[in-house]
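A short worksheet on the structure shown next.
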Amino acid sequence: MKDIEETEFTEVKIPVPWGHVAGKWYGPADVRPILMIHGWLDNAGTWDTLIPLLPKDGISYLAIDLPGHGFSSHIPEGMIYSHYDYVWLIHRIRKIYNWPKVSLIGHSMGSSVCFLYSAIFSQNVDMFVCLDLVIPFTDPKLVTLFLEFGLTRATTLMTHQMTPESQPTYTKEELVKKLIESSFTSISAEDSKFLLRRGMKRSNRKPDKFSLTSDPRLKALHVISLSQENYQKLGKEITCPIIFISADIKRNTPDTNVTNANANTLVDFMKEKVPHFKHHIVSGKHHVHLSDPERVSGIISDFILKHRGPKSKI
(Lines give C-alpha, C1' and ligand atoms only; values in the text may rest on other atoms or scores of the structure.)
Protein backbone atom coordinates (compact mmCIF):
# COMPACT_ATOMS: atom_id res chain seq x y z
CA MET A 1 0.00 0.00 0.00
CA LYS A 2 1.34 3.39 -1.00
CA ASP A 3 1.48 6.24 1.50
CA ILE A 4 -1.94 7.88 1.49
CA GLU A 5 -2.51 11.33 2.93
CA GLU A 6 -5.29 11.20 5.50
CA THR A 7 -8.46 13.19 4.93
CA GLU A 8 -9.81 15.53 7.57
CA PHE A 9 -13.01 14.48 9.31
CA THR A 10 -15.29 15.50 12.15
CA GLU A 11 -15.95 13.03 14.94
CA VAL A 12 -19.71 12.73 15.49
CA LYS A 13 -21.93 11.08 18.08
CA ILE A 14 -25.39 10.07 16.91
CA PRO A 15 -27.76 9.79 19.91
CA VAL A 16 -29.55 6.49 20.45
CA PRO A 17 -31.54 5.29 23.49
CA TRP A 18 -28.64 3.22 24.88
CA GLY A 19 -25.97 5.91 24.32
CA HIS A 20 -24.49 6.94 20.98
CA VAL A 21 -23.25 5.68 17.65
CA ALA A 22 -19.82 7.13 16.89
CA GLY A 23 -18.78 8.13 13.40
CA LYS A 24 -16.34 10.03 11.21
CA TRP A 25 -17.94 12.65 8.94
CA TYR A 26 -15.87 13.58 5.92
CA GLY A 27 -16.79 16.56 3.75
CA PRO A 28 -19.42 19.32 3.96
CA ALA A 29 -21.83 19.06 6.88
CA ASP A 30 -24.75 20.24 4.72
CA VAL A 31 -24.37 17.45 2.15
CA ARG A 32 -26.13 14.12 2.69
CA PRO A 33 -23.25 11.70 3.18
CA ILE A 34 -22.66 8.25 1.80
CA LEU A 35 -23.14 5.96 4.81
CA MET A 36 -20.32 3.42 5.24
CA ILE A 37 -20.85 0.22 7.25
CA HIS A 38 -17.85 -1.86 8.35
CA GLY A 39 -17.55 -5.59 8.90
CA TRP A 40 -17.84 -7.73 12.02
CA LEU A 41 -15.36 -6.76 14.77
CA ASP A 42 -13.91 -3.97 12.59
CA ASN A 43 -14.77 -0.28 12.98
CA ALA A 44 -14.87 2.99 11.02
CA GLY A 45 -11.08 2.84 10.67
CA THR A 46 -11.52 0.21 7.97
CA TRP A 47 -12.22 3.08 5.51
CA ASP A 48 -9.23 5.27 6.46
CA THR A 49 -7.17 4.41 3.38
CA LEU A 50 -10.05 4.27 0.88
CA ILE A 51 -11.85 7.55 1.60
CA PRO A 52 -8.87 9.75 0.60
CA LEU A 53 -9.08 8.20 -2.89
CA LEU A 54 -12.82 8.79 -3.37
CA PRO A 55 -14.46 11.89 -4.94
CA LYS A 56 -14.46 14.96 -2.67
CA ASP A 57 -16.07 17.81 -4.60
CA GLY A 58 -19.43 18.37 -2.95
CA ILE A 59 -19.59 14.80 -1.63
CA SER A 60 -19.58 13.70 2.02
CA TYR A 61 -19.02 10.36 3.75
CA LEU A 62 -20.15 9.12 7.17
CA ALA A 63 -18.24 6.07 8.41
CA ILE A 64 -19.84 4.77 11.60
CA ASP A 65 -18.81 2.35 14.32
CA LEU A 66 -21.66 -0.13 14.63
CA PRO A 67 -22.98 -0.55 18.20
CA GLY A 68 -20.51 -2.52 20.28
CA HIS A 69 -17.62 -1.61 17.96
CA GLY A 70 -15.00 1.14 18.08
CA PHE A 71 -16.12 4.25 19.96
CA SER A 72 -19.85 3.43 19.86
CA SER A 73 -21.82 2.58 22.99
CA HIS A 74 -22.39 -1.03 23.92
CA ILE A 75 -25.99 -2.23 24.14
CA PRO A 76 -27.56 -2.68 27.61
CA GLU A 77 -26.60 -5.58 29.83
CA GLY A 78 -28.54 -8.78 29.30
CA MET A 79 -28.97 -8.20 25.55
CA ILE A 80 -27.23 -9.74 22.54
CA TYR A 81 -26.31 -8.20 19.19
CA SER A 82 -28.27 -9.00 16.05
CA HIS A 83 -28.16 -8.31 12.34
CA TYR A 84 -31.74 -7.09 12.67
CA ASP A 85 -30.59 -4.30 14.99
CA TYR A 86 -27.97 -3.15 12.47
CA VAL A 87 -30.50 -3.08 9.63
CA TRP A 88 -32.77 -1.06 11.89
CA LEU A 89 -29.85 1.24 12.76
CA ILE A 90 -29.54 2.37 9.12
CA HIS A 91 -33.23 3.23 9.18
CA ARG A 92 -32.81 5.02 12.51
CA ILE A 93 -29.90 7.14 11.25
CA ARG A 94 -31.81 8.10 8.11
CA LYS A 95 -34.72 9.25 10.27
CA ILE A 96 -32.49 11.14 12.72
CA TYR A 97 -30.91 13.17 9.91
CA ASN A 98 -34.17 13.33 7.93
CA TRP A 99 -32.50 12.09 4.75
CA PRO A 100 -34.93 11.46 1.87
CA LYS A 101 -32.64 8.66 0.66
CA VAL A 102 -29.57 6.84 1.90
CA SER A 103 -26.47 5.89 -0.12
CA LEU A 104 -24.64 2.82 1.17
CA ILE A 105 -21.18 1.29 1.07
CA GLY A 106 -20.71 -1.89 3.10
CA HIS A 107 -17.94 -4.41 3.69
CA SER A 108 -18.32 -8.07 4.72
CA MET A 109 -21.01 -8.25 7.43
CA GLY A 110 -21.71 -4.58 6.75
CA SER A 111 -22.42 -5.43 3.13
CA SER A 112 -24.97 -8.08 4.12
CA VAL A 113 -26.66 -5.55 6.44
CA CYS A 114 -26.77 -3.00 3.59
CA PHE A 115 -28.08 -5.69 1.23
CA LEU A 116 -30.96 -6.44 3.58
CA TYR A 117 -31.78 -2.76 4.08
CA SER A 118 -31.64 -2.07 0.34
CA ALA A 119 -34.11 -4.89 -0.27
CA ILE A 120 -36.49 -4.21 2.62
CA PHE A 121 -36.52 -0.42 2.19
CA SER A 122 -35.74 -0.27 -1.52
CA GLN A 123 -37.54 3.05 -1.95
CA ASN A 124 -35.13 4.66 0.53
CA VAL A 125 -31.82 3.70 -1.12
CA ASP A 126 -30.31 5.46 -4.15
CA MET A 127 -27.03 3.47 -4.52
CA PHE A 128 -25.27 0.53 -2.92
CA VAL A 129 -21.62 -0.56 -3.09
CA CYS A 130 -21.04 -4.06 -1.70
CA LEU A 131 -17.48 -5.08 -0.82
CA ASP A 132 -16.78 -8.82 -0.49
CA LEU A 133 -20.27 -9.81 0.58
CA VAL A 134 -20.65 -12.45 3.26
CA ILE A 135 -23.82 -14.57 3.14
CA PRO A 136 -24.36 -16.59 6.34
CA PHE A 137 -25.49 -20.18 6.48
CA THR A 138 -28.57 -21.04 4.41
CA ASP A 139 -28.80 -24.76 5.23
CA PRO A 140 -31.45 -25.29 7.99
CA LYS A 141 -29.28 -27.79 9.88
CA LEU A 142 -26.29 -25.44 9.96
CA VAL A 143 -28.51 -22.52 10.96
CA THR A 144 -29.80 -24.49 13.96
CA LEU A 145 -26.31 -25.47 15.05
CA PHE A 146 -25.05 -21.90 14.64
CA LEU A 147 -27.92 -20.51 16.74
CA GLU A 148 -27.32 -23.08 19.48
CA PHE A 149 -23.62 -22.25 19.57
CA GLY A 150 -24.27 -18.49 19.54
CA LEU A 151 -26.82 -18.49 22.35
CA THR A 152 -24.69 -20.78 24.50
CA ARG A 153 -21.66 -18.58 23.96
CA ALA A 154 -23.67 -15.44 24.69
CA THR A 155 -24.62 -16.84 28.10
CA THR A 156 -20.99 -17.59 28.88
CA LEU A 157 -19.80 -14.15 27.77
CA MET A 158 -22.47 -12.36 29.80
CA THR A 159 -21.52 -14.37 32.88
CA HIS A 160 -17.76 -13.96 32.71
CA GLN A 161 -16.88 -10.88 30.65
CA MET A 162 -19.38 -8.13 31.40
CA THR A 163 -17.27 -5.97 33.71
CA PRO A 164 -14.26 -3.86 32.68
CA GLU A 165 -12.20 -5.67 35.32
CA SER A 166 -12.78 -9.01 33.63
CA GLN A 167 -11.59 -7.89 30.18
CA PRO A 168 -8.28 -9.42 29.07
CA THR A 169 -5.40 -7.01 28.50
CA TYR A 170 -2.64 -7.06 25.89
CA THR A 171 0.45 -5.26 24.74
CA LYS A 172 0.15 -3.40 21.44
CA GLU A 173 2.20 -6.12 19.79
CA GLU A 174 -0.13 -8.81 21.11
CA LEU A 175 -3.17 -6.90 19.84
CA VAL A 176 -1.66 -6.58 16.36
CA LYS A 177 -0.97 -10.32 16.32
CA LYS A 178 -4.49 -11.05 17.58
CA LEU A 179 -6.02 -8.86 14.88
CA ILE A 180 -4.02 -10.55 12.11
CA GLU A 181 -4.94 -14.02 13.36
CA SER A 182 -8.65 -13.25 13.85
CA SER A 183 -8.84 -11.90 10.29
CA PHE A 184 -7.22 -15.08 8.96
CA THR A 185 -4.33 -12.90 7.67
CA SER A 186 -6.70 -10.68 5.69
CA ILE A 187 -5.29 -7.79 7.76
CA SER A 188 -1.55 -7.05 7.88
CA ALA A 189 0.42 -5.43 10.68
CA GLU A 190 0.39 -2.20 8.66
CA ASP A 191 -3.39 -2.37 8.22
CA SER A 192 -3.98 -3.04 11.90
CA LYS A 193 -3.01 0.47 12.99
CA PHE A 194 -6.08 1.92 11.26
CA LEU A 195 -8.44 -0.42 13.13
CA LEU A 196 -6.66 -0.20 16.48
CA ARG A 197 -7.01 3.60 16.61
CA ARG A 198 -10.65 2.97 17.51
CA GLY A 199 -10.30 -0.65 18.53
CA MET A 200 -8.18 -0.45 21.68
CA LYS A 201 -8.06 1.52 24.92
CA ARG A 202 -5.52 1.75 27.71
CA SER A 203 -6.29 -0.52 30.66
CA ASN A 204 -7.15 1.17 33.96
CA ARG A 205 -5.79 -1.81 35.87
CA LYS A 206 -2.60 -2.20 33.87
CA PRO A 207 -1.50 1.18 32.43
CA ASP A 208 1.18 -0.47 30.29
CA LYS A 209 -1.40 -2.65 28.54
CA PHE A 210 -4.55 -2.28 26.45
CA SER A 211 -7.97 -3.88 26.09
CA LEU A 212 -10.31 -4.03 23.12
CA THR A 213 -13.05 -1.41 22.81
CA SER A 214 -15.38 -3.94 21.16
CA ASP A 215 -18.05 -5.65 23.24
CA PRO A 216 -17.20 -9.35 23.90
CA ARG A 217 -20.88 -10.19 23.24
CA LEU A 218 -20.24 -9.50 19.54
CA LYS A 219 -18.67 -12.95 19.39
CA ALA A 220 -22.19 -14.31 19.87
CA LEU A 221 -23.80 -12.07 17.24
CA HIS A 222 -27.24 -13.26 16.10
CA VAL A 223 -26.85 -13.51 12.33
CA ILE A 224 -29.83 -13.35 9.99
CA SER A 225 -29.80 -16.70 8.18
CA LEU A 226 -32.26 -17.13 5.33
CA SER A 227 -32.67 -19.67 2.57
CA GLN A 228 -30.96 -19.05 -0.76
CA GLU A 229 -34.42 -18.57 -2.25
CA ASN A 230 -35.14 -15.85 0.30
CA TYR A 231 -31.88 -14.05 -0.52
CA GLN A 232 -32.68 -14.21 -4.22
CA LYS A 233 -36.16 -12.79 -3.67
CA LEU A 234 -34.65 -9.99 -1.60
CA GLY A 235 -32.09 -9.31 -4.33
CA LYS A 236 -34.86 -8.80 -6.85
CA GLU A 237 -36.42 -6.20 -4.55
CA ILE A 238 -33.38 -3.90 -4.76
CA THR A 239 -34.21 -1.12 -7.19
CA CYS A 240 -31.15 1.14 -6.85
CA PRO A 241 -27.90 0.81 -8.85
CA ILE A 242 -25.70 -1.77 -7.14
CA ILE A 243 -22.17 -3.08 -7.56
CA PHE A 244 -20.60 -6.10 -5.90
CA ILE A 245 -16.81 -6.08 -5.61
CA SER A 246 -15.28 -9.45 -4.74
CA ALA A 247 -11.72 -10.16 -3.65
CA ASP A 248 -10.16 -13.09 -5.49
CA ILE A 249 -8.23 -14.40 -2.45
CA LYS A 250 -10.63 -15.95 0.04
CA ARG A 251 -9.99 -16.33 3.75
CA ASN A 252 -9.33 -19.83 5.04
CA THR A 253 -12.06 -19.79 7.68
CA PRO A 254 -13.87 -22.89 8.97
CA ASP A 255 -16.99 -21.89 7.00
CA THR A 256 -15.26 -20.47 3.91
CA ASN A 257 -16.60 -23.03 1.46
CA VAL A 258 -20.19 -22.54 2.61
CA THR A 259 -20.22 -18.73 2.76
CA ASN A 260 -18.35 -18.36 -0.54
CA ALA A 261 -20.74 -20.75 -2.29
CA ASN A 262 -23.71 -18.82 -0.89
CA ALA A 263 -22.31 -15.49 -2.10
CA ASN A 264 -21.39 -16.89 -5.52
CA THR A 265 -24.87 -18.34 -6.00
CA LEU A 266 -26.44 -14.98 -5.16
CA VAL A 267 -24.04 -13.09 -7.48
CA ASP A 268 -24.88 -15.42 -10.38
CA PHE A 269 -28.59 -14.91 -9.74
CA MET A 270 -28.24 -11.11 -9.54
CA LYS A 271 -26.25 -11.02 -12.79
CA GLU A 272 -29.04 -12.82 -14.58
CA LYS A 273 -32.13 -11.28 -12.98
CA VAL A 274 -31.20 -7.74 -11.84
CA PRO A 275 -30.39 -5.37 -14.74
CA HIS A 276 -28.93 -2.59 -12.53
CA PHE A 277 -26.43 -5.01 -10.91
CA LYS A 278 -22.71 -5.06 -11.79
CA HIS A 279 -20.02 -7.40 -10.48
CA HIS A 280 -16.27 -6.81 -10.32
CA ILE A 281 -13.50 -9.13 -9.14
CA VAL A 282 -10.27 -7.52 -7.89
CA SER A 283 -6.94 -8.95 -6.84
CA GLY A 284 -6.55 -9.03 -3.08
CA LYS A 285 -7.76 -10.39 0.23
CA HIS A 286 -10.97 -9.81 2.15
CA HIS A 287 -9.77 -6.39 3.38
CA VAL A 288 -8.43 -5.29 -0.01
CA HIS A 289 -10.23 -1.93 0.38
CA LEU A 290 -7.98 -1.26 3.40
CA SER A 291 -4.70 -2.89 2.34
CA ASP A 292 -4.80 -1.95 -1.37
CA PRO A 293 -7.51 0.71 -1.73
CA GLU A 294 -6.37 1.77 -5.20
CA ARG A 295 -7.61 -1.59 -6.51
CA VAL A 296 -11.23 -0.68 -5.71
CA SER A 297 -11.23 3.14 -5.51
CA GLY A 298 -11.55 3.69 -9.26
CA ILE A 299 -14.56 1.38 -9.58
CA ILE A 300 -16.25 2.97 -6.57
CA SER A 301 -15.43 6.55 -7.61
CA ASP A 302 -16.91 6.09 -11.09
CA PHE A 303 -20.02 4.57 -9.54
CA ILE A 304 -20.43 7.43 -7.04
CA LEU A 305 -19.99 10.13 -9.67
CA LYS A 306 -22.51 8.45 -11.94
CA HIS A 307 -25.21 7.76 -9.37
CA ARG A 308 -24.72 10.36 -6.64
CA GLY A 309 -22.45 13.23 -7.60
CA PRO A 310 -22.19 16.56 -5.70
CA LYS A 311 -25.87 17.33 -5.53
CA SER A 312 -27.54 15.82 -2.48
CA LYS A 313 -27.93 18.55 0.16
CA ILE A 314 -29.35 17.68 3.57
May I ask you to compute the full-extension gain from His91 to Lys56, defined as 0.36 nm times their residue separation minus their alpha-carbon distance, rounded to one decimal in nm?
-> 10.1 nm
For the chain, with equal point scatterers placed on the C-alpha atoms only and solvent neglected, what are the log10 I(q)/I(0) values from the Debye formula at q = 0.09, 0.13 1/Å, to two decimals?
-> -0.43, -0.95
Arrange the peptides 110-117, 278-285 so that the one whose residues have, on average, the most other Cβ atoms within 10 Å appears first.
-> 110-117, 278-285
Connecting every pair of Cα atoms under 10 Å apart in the chain and solving the GNM, the largest mean-square fluctuation among Pro275, Pro52, Pro216 falls on Pro275
Using alpha carbon centroids, what distance separates the stretch 1-45 and the stretch 62-107, in Å?
-> 12
The extension gain from Leu305 to Leu145, computed as 0.36 nm times the residue separation minus the Cα-Cα distance, is 53.2 nm
What does the convex hull of the alpha-carbon atoms of the stretch 98-151 project to on average, in nm²?
-> 4.9
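For the chain, what does the accessible surface come to per residue with a 1.4 Å probe? Please give it in Å².
Details: 14480 Å² over 314 residues.
Per residue, the chain has an accessible area of 46 Å².
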Assuming R0 = 45 Å, can you tell me the calculated FRET efficiency for the pair Lys271 and Lys201, based on Cβ-Cβ distance, to the nearest 0.05?
-> 0.55
Restricting the stretch 1-64 to GluC sites (Glu not before Pro) in coil, as DSSP defines it, with at most 16 other Cβ within 10 Å = Glu5, Glu6, Glu8
How much of the accessible area of the stretch 84-186, probe 1.4 Å, is carbon plus sulfur, in whole percent?
-> 62
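Could you give the semi-axes, largest first, of the ellipsoid that matches the stretch 30-114, computed as the square roots of 5 times the alpha carbon gyration tensor eigenvalues and rounded to whole Å? Don't jump to the answer; show the numbers that get you there.
Numbers: eigenvalues 100, 49, 24 Å².
Each semi-axis is √(5λ); the values are 22, 16, 11 Å.
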Antiparallel bridges, percent of DSSP beta bridges restricted to the stretch 2-124 (to nearest 5) | 60
Cross-link table Lys236/Lys285; Lys101/Lys141; Lys250/Lys273, entries beyond 32 Å C-alpha to C-alpha = Lys101/Lys141
Grab the DSSP H runs of the chain that are 4 residues or longer, score each as -39,500 (n - 2.57), total them, divide by all residues and round the 222 nm result to the nearest 500 deg cm²/dmol.
-> -11500 deg cm²/dmol
Please calculate the 1.4 Å probe accessible area of Glu237, with all protein chains present, and give it to the nearest 10 Å².
-> 100
Pop the C-beta distance of Val12 and Asn264 into the FRET formula with R0 = 30 Å and round what comes out to the nearest 0.05.
-> 0.25
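The values are calculated or read from the model by the stated rules, or taken from the named source; none is laboratory data. This structure is a prediction, so every number in the text was calculated from the model and none was measured. All Cβ positions, glycine included, derive from the backbone under ideal geometry; neighbour counts span all protein chains shown. Surface areas here come from the heavy atoms of the whole protein model, side chains and all, with no ligands, DNA or RNA. Shrake-Rupley method; radii C 1.70, N 1.55, O 1.52, S 1.80 Å.
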